[in-house]
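To start, the structure itself, in structure tokens.
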Amino acid sequence: MNSVAPLWEESIERKQARRRFFLFGVLLCSLFALLLGRLFWLQIMQEEIFLNKAVAQATRWIPEKASRGEILDCRGNVLVTNRPVYNLTLNYLGFKNQDIARVVEELVQVLDDPDITAEAVQASIDAQASRLYEPILIKRDIPLDMVIRLEERRWQLPGILIETSPQRLYPYGGLLGHVLGYVHPIKEELDQPGFENYGLGDLVGKTGVEKSYEFELRGTNGYREVTVNARNHPVEEITNIPSVTGNSLQLTIDAELQTVLENTFDEVLASVAQTYPKANAGAAVILDVNTGGVLSMVSRPIAYPEDFNGNSMSQEKAEYYFNQQPAALYNRAIQGSYVPGSTFKPITGMAALASGNLTLQTYITCSGAYWYKPYIKCTGAHGSLTYYQAMARSCNVYFQEAARRAGIGNIGMIGHALRMDVKTGLDLPYEGAGLLPSLNWQSIEFSKRTDVINKDIDDQLAALEEEYLPLIAAADTEQEQRRLERERNSKRNTLEARRRERLNADTTWRDADTFNTGIGQGYNQYTIIEMAAYVAAIANGGTYYTPYVVQRVMDSDGRVKNEHVPDGQQVDIEQWILDATKQAMTTAAKPGGTAYGAFVGLPYGIGGGAKTGTAQPGRTGYIKNKDFDGLFICFAPAENPQIAFACVIEHGNSGSGSAGRVAKGILEYYFIERAAAGEG
């Protein structure tokens, strides 16, 4: 028989079931309430925040690199412009959770480029460790086929980007390379004032006008805000802040004249090298005598700005530009210091005239060598000469005597008046200054030498005492002690004698030094731009103009922002002395003068003034009494001069046979070919 459960037991089970259903309902309602609350918080309370985040994740700010300003010649011909290039960059922040090493390995495999290795990419990342928020440049100016390969595999290469940017273009190749200069990725400049807004990988001017006028040439970068899809492909442009092109520069230099000068220089250099194989370097400058504007400037070996145009350099090119002798990057026109030889004689002559110990009518007799020690030889026995005749024949004896009569003080005074002891102030970087052995220079230089010599001898004396004091103290007998003291004193006396000998030899100015200075040898050293500027000052009647290469700065619309105003100042030399020296230099350009060969064939009435120079530098690579530099300075026409010229050919052997031939080519072009074309 079946038993029936009591009613009170059934009631308890129902109560327990209801309680479980109630708790389950409470839990379920709580979960729904929590979910609804969270949705309310996210969609209502946090709507603006998450909307902004969503927009930020769906938009990209794309930088637009500004183009640098163009560089033009005086006629408006474009010497430097820009072209668009593709750059391969790495966005470090774009990797997020991706394995950087894997992506880089994939990149290397995809491109198969010897310049792009895992080590090279890592080196670029390490070099930018403190600025990883900026794009890391992997390679500049990549070819189109590489761009296509990267685009096809973009989904495999997160964080790898291709940017378009402007890069320098040189329509004339290496023409004017040293003056224009080159651009290269920024490095040490980042820590310098004015470069706060630059980023790693930005191109900056390193030499030439690219460096001097960096802040004029550099434009202002722009930005584009675009929406992108999940594959980072642009969908819509939201904002466009266009870049602003940098200002343009118009130079004083004439590209046509520059071409003639460079071609002529190269032809003469090659010709001279057939006889003198060491002749493979030099420089030349042409100035407007009435403004100081540089009409042309050349330095050899040649420099090609494109070789530095943001690209890595091969070891062979690095040797060519930096290590070989002569190194090509060196602008010899403004950085090279050259012994001037006889091109210095006009300064000696003016100093002698200014001293009152020499007149234009004074005769000095040349018998083939100077009468006073060290009996420096002349190129011949010229007999009795006046100032004009001596300048025409470049007589060493005459100008040694002129130097003696002038004294080194007056020579220094005239040289200083023509700024031969300071930088000209040319608007190009790294200009050197001449060495004029004036009384002021002697005082400073000989004081330095005295300090060096005294320190050297004092150090040796101290070492001597340190050596002998313990020996003397440890001597077994008084006789041995006295022997050591005599030995020490003898060595001490020898060192003191050496001190006197060195001080006498290295810190004393002698008559022979004055004679050597008078003919442009000895301590004399000047840049070619200094020599051209001093000739221009004589040619125009005594106004020294600071040389310059940039005539005007213009904005991207061609409006002139700044125009150079010549800053001529009258030199502190009596006018009759300047006029007489100018006239004397014209005799050197006439029949019988050492510079006549450069002026043969010019139209009647052109003429000019000149001075040849053959200098023995005494530098490394030069054999005494065998290797010489050839120098030449001139102005033309003789009446109302327009141009001044200075030139050196290293190892050229003679001024008239090397640099003078370059002058001849320029004079013929300037006063024959240009005149025939209606430009004279």
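Details
- Residue match in segment 628-643 (condition: among the charged types (D, E, K, R) and either open to solvent by 30 Å² or more (accessible area, probe 1.4 Å) or touching a His at 6+ places or on another chain (Cβ under 9 Å) (or both)): yes
- Test for A474: is it in contact with a Lys or Arg (Cβ under 8 Å, 6 or more places away or on another chain) and either surrounded by 13 or more Cβ atoms within 10 Å (Cβ to Cβ) or over 30 Å from C634 (Cβ atoms) (or both): no
- Matching residues, segment 412-425, being open to solvent by 10 Å² or more (accessible area, probe 1.4 Å) and either part of a loop (DSSP other than H, G, I, E, B) or within 16 Å of L287 (Cα to Cα) (or both): R419, D421, V422, K423, G425
- Here G173 fits the description: out of contact with any strand residue (DSSP E or B) (no Cβ under 9 Å at 6 or more places or on another chain) and at positive phi.
- Set S296, S212: member being in contact (Cβ under 8 Å) with a residue 12 or more places away in the chain and crowded, with 22+ Cβ neighbours inside 10 Å: S296
- The residue of segment 262-292 that is surrounded by the fewest Cβ atoms within 10 Å (Cβ to Cβ), among those that are of a type in the set (G, A, S) and either under 19 Å from the mean Cα position of the chain (by Cα) or in the same structural domain as F628 (by TED's automatic domain parsing) (or both), is A281.
Residues are listed down the side, and each one gets a yes or a no for (1) open to solvent by less than 40 Å² (accessible area, probe 1.4 Å); (2) touching a Leu at 6+ places or on another chain (Cβ under 8 Å); (3) part of a strand (DSSP E or B):
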position	(1), (2), (3)
A533	yes, yes, no
I538	yes, yes, no
G541	yes, yes, no
T546	yes, yes, no
V553	yes, yes, yes
S556	no, no, no
D567	no, no, no
L578	yes, no, no
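- Meets criteria (over 25 Å from A659 (Cα atoms) and either out of contact with any Pro (no Cβ under 8 Å at 6 or more places or on another chain) or not hydroxyl-bearing (S, T, Y) (or both)) for K561: yes
Residue-wise test of (1) within 30 Å of R488 (Cα to Cα); (2) part of a helix (DSSP H, G or I).
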residue	(1), (2)
Y375	no, no
R405	no, yes
L428	no, no
N454	yes, yes
L461	yes, yes
L469	yes, yes
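- Some residue of segment 337-352 being outside any helix (DSSP H, G or I) and surrounded by fewer than 24 Cβ atoms within 10 Å (Cβ to Cβ): yes
- Residues of segment 612-663 that are in a loop (DSSP other than H, G, I, E, B), more than 28 Å from the chain's Cα centre (by Cα) and touching a residue at least 24 places away in the same chain (Cβ under 8 Å): D627, P637, A638, E639, P641, Q642, N653, S654, S656, G657.
- Test: residue in segment 183-191 that is open to solvent by 40 Å² or more (accessible area, probe 1.4 Å) and modelled with pLDDT of 95 or more: no
- Being outside any helix (DSSP H, G or I) and under 28 Å from A333 (Cα atoms) is a property that does not hold for A392.
The values are calculated or read from the model by the stated rules, or taken from the named source; none is laboratory data. Keep in mind that what you see is a predicted model, and the values were worked out from it rather than measured. Because the Cβ atoms are built from the backbone with ideal geometry, glycine has one as well, and the counts that use them run over all protein chains shown. Protein only, heavy atoms only, side chains kept; ligands, DNA and RNA dropped before computing areas. Shrake-Rupley method; radii C 1.70, N 1.55, O 1.52, S 1.80 Å.
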